[in-house]
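The values are calculated or read from the model by the stated rules, or taken from the named source; none is laboratory data. Every value quoted in this text rests on a predicted model; they were computed, and no experiment measured them. Note: ideal-geometry Cβ built from the backbone for every residue, glycine included; neighbour counts use all protein chains shown.
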Amino acid sequence: MLVFITFLVATVFLIIVNFNEMKKIKEEACDEKYDNKIATLPDNKQVCSELQKMINKECEIQLDDNTRSSAYIFFLDKIILSNNEMSKKSFSRILFIAHECIHSIQSRKMHIANFTLKNILNIFTFVLFIVLFLNKISVELLLTYFLVAFISFCINMILETDAIYRSLILARKYLSKYDSNEIADRYEEMVPKTIKGIYFRYASFSIYVVFIMSISLII
Ligand SMILES: [Zn+2]
């Protein structure tokens, strides 16, 4: 039971810490100084189709009023763009759309591996939760969990880092057409902070996994 309670406390702690980090990233995505300039650029759907032409990859674009963040759904080959007020006005919208466009041209095999491992990890975490509750944890199970988590992180990290850096180049190229290089300069400032936030997520989850493993083996 002690292991289960430790697992529960560590999980809540991990969620809180990551929530704060995500909040910081979201705050960084807003800068009122560029609101007027960004409003002169085409709407999100138009930006997305123009970016797609630049990378020679066209796929379906769907606007969604209910989602707060955009995403590329690899198995549907479709980009879902957030269409809430914030996404329409935010100065970072070009970079975020470019990010999803870059995801659409990444290796399909990597996307399949990322999706599969992410889901296996979610199921595994749930199983681990039950096993810990029943106090039936084994070293083999923990090591397998750690291995799956590690491979899943590596693949996700490669996909995200690649999308972040290539979207910066794509967004700069796009903004130069609209004489908006100052927005691209601001993106250059923003990206290292975003990267830091994402790596923080990987690091905190790795520490969490190692901590759970150690505690389970010690107690
Ligand atoms: Zn991404």
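Would you confirm whether any residue within region 182-203 is among the polar types (S, T, N, Q), in a helix (DSSP H, G or I), away from the ligand (no atom under 15 Å from the Cβ) and modelled with pLDDT under 90?
Initial filter on region 182-203 (among the polar types (S, T, N, Q)): 194.
Then drop every residue that is not in a helix (DSSP H, G or I), which leaves 194.
Still in the running and away from the ligand (no atom under 15 Å from the Cβ): none.
No, the conditions are met nowhere in region 182-203.
Tell me which residues, restricted to region 94-121, are touching a strand residue (DSSP E or B) at 6+ places or on another chain (Cβ under 9 Å) and either under 15 Å from Ser167 (Cβ atoms) or among the aromatic types (Phe, Trp, Tyr) (or both). First the steps, then the outcome.
Step one: list which residues in region 94-121 are touching a strand residue (DSSP E or B) at 6+ places or on another chain (Cβ under 9 Å), which gives 96-97, 99-104, 106, 111.
Correct list: Phe96, Ile97, His99, Glu100, Cys101, Ile102, His103, Ser104, Gln106.
Which of the following residues is part of a loop (DSSP other than H, G, I, E, B) and either of a type in the set (A, V, I, L, M) or within 24 Å of Thr116 (Cα to Cα) (or both): Ile137, Ile215?
After applying the criteria, what remains is Ile137.
When you scan region 68-82, how many residues do you find that are away from the ligand (no atom under 11 Å from the Cβ), closer than 27 Å to Glu188 by Cβ and not aliphatic (A, V, I, L, M)?
Number of matching residues: 2.
So which residues in region 83-120 are within 14 Å of the ligand (Cβ to nearest atom), in contact with a Phe, Trp or Tyr (Cβ under 8 Å, 6 or more places away or on another chain) and either aliphatic (A, V, I, L, M) or within 19 Å of Asp31 (Cβ to Cβ) (or both), if there are any at all?
Scanning region 83-120 gives Ser92, Leu95, Ala98.
Any idea which of (1) within 16 Å of the ligand (Cβ to nearest atom); (2) within 30 Å of Lys89 (Cβ to Cβ); (3) in contact (Cβ under 8 Å) with a residue 12 or more places away in the chain is the one Tyr174 doesn't satisfy?
In the conditions (1) within 16 Å of the ligand (Cβ to nearest atom); (2) within 30 Å of Lys89 (Cβ to Cβ); (3) in contact (Cβ under 8 Å) with a residue 12 or more places away in the chain, Tyr174 misses (1) alone.
Please report, ordered by residue number, the strands (runs of 3 or more DSSP E) entirely within region 1-115 with at least 2 residues that are at pLDDT 85 or above and surrounded by fewer than 17 Cβ atoms within 10 Å (Cβ to Cβ).
Numbers: elements: 60-64, 71-73, 78-82.
So the answer is 60-64.
Would you mind stating whether Phe150 is over 19 Å from Ile94 (Cα atoms), away from the ligand (no atom under 14 Å from the Cβ) and either charged (D, E, K, R) or touching a residue at least 60 places away in the same chain (Cβ under 8 Å) (or both)?
Working: over 19 Å from Ile94 (Cα atoms): yes; away from the ligand (no atom under 14 Å from the Cβ): yes; either charged (D, E, K, R) or touching a residue at least 60 places away in the same chain (Cβ under 8 Å) (or both): no.
Spelling it out, it is not the case that Phe150 is over 19 Å from Ile94 (Cα atoms), away from the ligand (no atom under 14 Å from the Cβ) and either charged (D, E, K, R) or touching a residue at least 60 places away in the same chain (Cβ under 8 Å) (or both).
Answer with yes or no whether Lys136 is in contact with an Asp or Glu (Cβ under 9 Å, 6 or more places away or on another chain), without any contact (Cβ under 8 Å) to a residue 24 or more places away in the chain and among the charged types (D, E, K, R).
Criteria not met by Lys136.
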